[in-house]
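The values are calculated or read from the model by the stated rules, or taken from the named source; none is laboratory data. No experiment lies behind these values; they were computed from the predicted model shown. Ideal geometry is used to build each Cβ from the backbone, glycine not excepted, and the neighbour counts take in all protein chains shown.
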Amino acid sequence: MKKLKLFGRVLWRSCVDPGYYKDIIKVRASFSLKFLFVFALLFSLVATIQYAVAFVAFLPKMPEYLTMVQEKGMALYPKDLVVTITDGVVSTNAKEPYAIDLPFALPVDGDKKPEHLVVIDTKATPEAFDTYQSFVVVGKSTLYYRDDKGYKFYPLKDIKGKTVINKAFYDEWAGKVVPYLSWVPTVVYVVGIVGLLLLPVVLTVGRVVGYLVVLLILTIFSLAMAKIFRKKFSYPVLYRLGMHAITVPVLATYFLQFFGISVPFLFPLIFVAWMGVVLRGKI
């Protein structure tokens with residue numbers, strides 16, 4: 001409890017008391033590193049709690065969700081659609097473009113959320129992909145699929161001979177997959193529990209490394225300001241001070257993002273401004 005109170009006091013003074021930074025110079029560098037580690041750990045614990053709440057809230061819905069996936073998945077393929085792939089070239093018996101809609105809505109960010117699971121258009125051009133609003137577009141000899149940066153392609157030239165995909169073909173393969181859905185709850189439980197155990201460690205290490213790397217650059221600005229204010233501090237000393245000063249932009253941007261506010265370059269601007277206040281003071 002005493003150590004937690006000490007951390008709280010150090011955090012508070014690091015954020016509001018420029019004069020406190022002259023005391024930081026007098027202590028060992030390990031003190032600042034431990035402080036930064038605990039600071040990152042607290043943020044990681046908050047993220048882990050959010051993950052745990054979402055995980056627990058999902059568990060009661062999982063059986064219903066799996067049943068829906070099974071039922072709608074089996075009924076997904078159109079009864080009359082026949083797709084033929086002959087030596088990597090696609091043809092269909094349907095009027096194109098032919099769309100297979102998503103069986104249920106998916107939480108996809110962005111203004112243009114895909115409405116279709118698959119669109120088949122053997123006359124498709126890459127320039128027209130966005131107009132299809134589909135996760136997958138099947139062209140004459142290429143399969144295109146959506147990712148965060150647009151569409152990627154997979155050539156079908158390696159499919160030799162003749163392959164006919166119809167309702168019977170789909171039902172056969174779907175029937176082989178459905179039994180494995182019974183393993184999903186077990187996998188979800190294991191992954192969820194392991195995630196809860198590992199997430200704080202992974203996030204904490206990632207945050208600390210991230211802070212230290214960012215400080216390598218931000219300390220250059222601190223060094224420039226030290227010269228402007230005629231303070232004879234070396235780069236290593238300013239780097240240590242930055243381990244405390246970085247808490248200000250981290251907290252500020254976190255709370256702003258919580259309310260949906262995002263400002264470009266706000267993080268470095270706040271850091272530089274606060275370090276300017278610190279270096280201008282009696283340190």
### Query
Looking at 97, 103, 126, which one is touching a strand residue (DSSP E or B) at 6+ places or on another chain (Cβ under 6 Å) and free of Cβ contacts under 8 Å to residues at least 40 places away in the same chain?
97
### Summary
Scanning segment 129-161 for residues that are among the small types (Gly, Ala, Ser) and closer than 24 Å to residue 86 by Cβ, the one modelled with the lowest pLDDT turns out to be 134
### Summary
Of the residues in segment 221-266, those that are outside any loop (DSSP other than H, G, I, E, B), surrounded by fewer than 19 Cβ atoms within 10 Å (Cβ to Cβ), in contact (Cβ under 8 Å) with a residue 24 or more places away in the chain and of a type in the set (Phe, Trp, Tyr) come to 221, 254
### Message
Considering only segment 185-201, I want to know if a residue exists there that is surrounded by fewer than 14 Cβ atoms within 10 Å (Cβ to Cβ), over 30 Å from residue 63 (Cα atoms) and not small (Gly, Ala, Ser).
### Response
yes
### Query
Could you list, in sequence order, the residues of segment 25-67 that are part of a helix (DSSP H, G or I), modelled with pLDDT of 90 or more and among the β-branched types (Val, Ile, Thr)?
38, 46, 48, 49, 53, 56
### Query
Among (1) closer than 23 Å to residue 267 by Cβ; (2) touching a residue at least 40 places away in the same chain (Cβ under 8 Å); (3) of a type in the set (Gly, Ala, Ser), which single condition is residue 210 missing?
(2)
### Query
Looking at segment 274-282, is at least one residue over 23 Å from residue 10 (Cα atoms), in a loop (DSSP other than H, G, I, E, B) and in contact (Cβ under 8 Å) with a residue 24 or more places away in the chain?
no
### Message
Quick check on residue 77: is it among the aromatic types (Phe, Trp, Tyr), surrounded by 12 or more Cβ atoms within 10 Å (Cβ to Cβ) and not assigned by TED's automatic domain parsing to the domain that holds residue 133?
### Response
yes
### Message
Testing residue 53 on (1) among the hydrophobic types (A, V, I, L, M, F, W, C); (2) surrounded by 12 or more Cβ atoms within 10 Å (Cβ to Cβ); (3) assigned by TED's automatic domain parsing to the domain that holds residue 237, one condition comes back false. Which one is that?
### Response
(2)
### Message
I'd like the full set of residues that are of a type in the set (Val, Ile, Thr) and either surrounded by 19 or more Cβ atoms within 10 Å (Cβ to Cβ) or outside the structural domain of residue 90 (by TED's automatic domain parsing) (or both), limited to segment 127-155.
### Response
137, 138
